[in-house]
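Student: Questions regarding the structure given below will be posed in turn.
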Amino acid sequence: MKVAGLLAFGAALQQAAAVGFTTYKQIYEGTDNSGEISYSEPDRSTTLFLYIQILPYGGDHSDIISDFKTLAQNYGSQGIAVIPRVRYGFANGTITTEPSSDILLPDVALFAGVFGNITDTIDIPVLQAGFLGEWGEWHDGPYCQARGTADTAEDLEIKGEVVKTLQTSGLKVALRYPQDHSALVNGTRAVTLHDDCIFDGGFGGTDGGTWPTDDYDYWVAYTKEVASNNTFGGEGCNNAGDATYDWSDTSALCGSEGLAAYINSFEMAYLNDETPDPFETIFFGADDDATYAECIDAIQTALEQWS
């Protein structure tokens with residue numbers, strides 16, 4: 001299936017800039033988000049990573065959009081940027097996967113417009129594709145049963161529509177998996193990637209299955225080709241099936257083969273500050289612990305080399 005021609009149309013992309021650490025936030029449709037949308041100075045960060053959780057029933061989503069716009073005003077006025085991702089879930093905070101395409105695709109179009117029209121209020125360095133699968137991570141959903149050409153023609157068509165519609169925002173879009181990137185927009189850097197399981201196995205790990213073991217070298221090289229120094233980033237993890245790395249071992253994490261070296265090898269521009277839990281402890285302990293501070297400073301320096 002060839003959809004690259006449709007997706008590589010000339011959307012005006014924002015100029016990339018250094019991001020560094022991102023501060024984790026979530027807002028939920030159907031709940032009181034007043035605490036989350038009020039300004040609170042981020043720690044060592046000038047960018048939010050924002051989950052926008054919407055209900056899977058369609059409609060105008062007016063309340064959650066209003067909350068997002070208020071957050072954008074509150075943080076944008078302080079020079080803080082945002083990297084958003086939309087996912088589906090319920091007012092009690094639990095997540096779900098995407099609804100049928102007759103609800104899904106209008107939702108994507110609605111939020112593409114919201115994001116595209118708010119860039120005078122807040123900078124959006126990159127827009128994570130979201131919407132599909134659990135957590136908006138493009139796995140285990142009705143339209144993301146597999147990755148790349150292993151998925152069905154129907155799923156690839158829906159995935160393509162999601163990406164093409166998000167591109168109408170004029171923002172750079174990031175896909176979760178290199179296999180989907182290859183199938184949808186093969187080789188282009190106009191669409192980048194994000195990684196939700198950075199360093200789960202250290203150097204040589206699969207980053208939670210981001211790179212299949214049976215063609216590992218190819219997909220690592222493809223990731224670097226399309227995403228290195230291209231607003232590529234995400235969050236660390238230690239709970240995937242092949243997770244082997246001990247994030248609490250600061251001598252390894254902060255050593256010559258640690259996270260900073262990994263960031264430089266992939267030319268990553270941003271990293272969430274709260275995942276996994278041992279990294280959150282190091283990050284927020286840096287103000288009081290010199291060893292932690294030296295480690296976090298080195299990681300931040302590595303991130304800020306890349307855009």
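Every number in this text was worked out from the coordinates using simple rules, so none of it is lab data. Note that this is a predicted model, so its numbers are computed, not measured. Every residue, glycine as well, gets a Cβ built from its backbone with ideal geometry; the counts of neighbours run over all protein chains shown.
Student: Please sort 18-24, 255-261 by packing, taking for each peptide the average over its residues of neighbouring beta carbons within 10 angstrom, highest first. Don't jump to the answer; show the numbers that get you there.
Tutor: Working: 18-24: 21.4, 255-261: 16.7.
Ranking, from highest mean packing down: 18-24, 255-261.
Student: Further question on the same structure: Just want to confirm a number: the relative contact order over segment 18-304, from Cα pairs under 8 angstrom separated by 6+ residues, in percent. Can you show the working numbers first?
Tutor: Details: 585 pairs, mean separation 44.2, N = 287.
Relative contact order, segment 18-304: 15 percent.
Student: Could you point to the label whose value was computed as volume of the Cα convex hull per residue in Å³ for the structure here, given (i) 119; (ii) 141; (iii) 153?
Tutor: (i)
Student: Can I ask one more? Which ³J(HN,Hα) values in Hz, rounded to whole numbers, follow from the phi angles of segment 291-303 under the Karplus curve 6.51 cos²θ - 1.76 cosθ + 1.60, where θ = phi - 60° and Gly and Pro get x?
Tutor: Taking θ as phi minus 60°, the curve returns 5, 4, 4, 4, 5, 5, 4, 5, 5, 4, 4, 4, 4 Hz for segment 291-303.
Student: Sticking with this one: Excluding D43 itself, calculate the net charge of residues whose Cβ lies under 12 Å from the Cβ of D43, where each Lys or Arg counts +1 and each Asp or Glu counts -1. Write down the numbers at each step before the final one.
Tutor: Working: positive: R44; negative: E41, D273, E274, E280, D287.
Here the charged neighbours net out to -4.
Student: Which residues' amide hydrogens lie under 5 Å from the amide hydrogen of D200, considering only partners 5 or more residues apart or on another chain, with H built in the peptide plane?
Tutor: D207, G208, C237
Student: Just need the relative contact order of segment 230-307 here, percent rounded to a whole number, with Cα pairs under 8 Å and 6+ apart. Walk me through the numbers on the way to the answer.
Tutor: On the way: 95 pairs, mean separation 31.0, N = 78.
So the answer I get is 40 percent.
Student: How many angstrom lie between the Cα centre of segment 55-117 and the Cα centre of segment 181-231?
Tutor: 26
Student: Could the peptides 98-104, 49-55, 181-187, 285-291 be put in order, highest first, of the mean number of other beta-carbon atoms found within 10 Å of their residues?
Tutor: Working: 98-104: 16.6, 49-55: 23.4, 181-187: 20.7, 285-291: 12.6.
In decreasing order of mean packing, 98-104, 49-55, 181-187, 285-291 become 49-55, 181-187, 98-104, 285-291.
Student: For segment 180-192, what does the Karplus curve 6.51 cos²θ - 1.76 cosθ + 1.60, with θ = phi - 60°, yield as ³J(HN,Hα) per residue in whole Hz, taken in order and with x for Gly and Pro?
Tutor: 5, 4, 5, 6, 9, 9, 2, x, 7, 9, 5, 10, 10
Student: Separate question: Beyond 23 Å between alpha-carbons counts as too far, so tell me which of K25/K224; K69/K224; K25/K172; K25/K69 fall in that bin. Mind dumping the intermediate values first?
Tutor: Numbers: K25/K224 28 Å; K69/K224 34 Å; K25/K172 20 Å; K25/K69 14 Å.
Over 23 Å Cα-Cα: K25/K224; K69/K224.
Student: Counting only DSSP beta bridges with both residues in the chain, tell me the antiparallel percent, nearest 5. Let's see the in-between values first.
Tutor: On the way: 3 of 31 bridges.
In the chain, DSSP labels about 10 percent of beta bridges as antiparallel.
Student: Provide the per-residue ³J(HN,Hα) series for segment 106-123, in order, calculated from phi with Karplus coefficients 6.51, -1.76, 1.60 and θ = phi - 60°, each as a whole number of Hz, with x at glycine and proline positions.
Tutor: With the stated coefficients, segment 106-123 comes to x, 4, 4, 4, 4, 6, 4, x, 4, 5, x, 8, 10, 6, 7, 9, 8, 6 Hz.
Student: Which of the aspartates and glutamates could be linked to K159 by a straight reach, that is with a Cα gap under 17 Å, when you skip same-chain ones fewer than 8 residues away?
Tutor: Excluding near neighbours in sequence, the set is E98, D102, D107, E134, E137, D140, D151, D180.
Student: Check which residues have an amide H placed less than 5 Å from N272's amide H, if you skip close sequence neighbours.
Tutor: T22, G234, E235, G236
Student: Suppose every K and R has +1 on its Cβ and every D and E has -1 on its Cβ; what is the size of the dipole of the chain about the Cα centre, in Debye to the nearest 20? Before the final figure, lay out each step's value.
Tutor: On the way: 13 positive and 46 negative charges, 245 e Å.
Around 1180 debye, computed over the chain.
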